[in-house]
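Undergrad: Sharing a structure with you now.
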Amino acid sequence: MIMEQKVWTAAELEEMLPAERHVLFEASIVWDLKDAPQHVVEQSRLRALEHIAESQHTNP
């Protein structure tokens, strides 16, 4: 289940200590594709397949 994360404003981030910003950054990383928005996964998969097809076509 994908939960919505808070969108932090620049002002809110500027008020934080670097360590606090780092914690937010680390928490925002998606480590498993099943947790990523599926439209992003599908778009990335299609781009990768297009790239593979183009490279196979241009490299005999």
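We did not get these values from a lab; they are worked out from the coordinates using the rules stated. Keep in mind it's a predicted model, so treat the numbers as computed, not measured. Glycine also receives a Cβ, built like all others from the backbone with ideal geometry; neighbour counts cover every protein chain displayed.
Undergrad: In what order do L49, L24 fall by count of nearby beta-carbon atoms within 10 Å, going from fewest to most?
TA: Placing the least packed residue first, the sequence is L49, L24.
Undergrad: What does the convex hull of the Cα atoms come to per residue for the chain, in Å³?
TA: Convex hull of Cα atoms, per residue: 139 Å³.
Undergrad: Where does helix 18-28 land angle-wise versus the long Cα axis of the chain, in degrees 0 to 90, nearest 10?
TA: Taking the Cα atoms of the chain, the angle to 18-28 is about 40 degrees.
Undergrad: Calculate how steeply helix 38-58 sits against the longest principal axis of the alpha-carbon atoms of the chain, using the helix alpha-carbon long axis, and give the answer as 0 to 90 degrees to the nearest 10.
TA: 40 degrees
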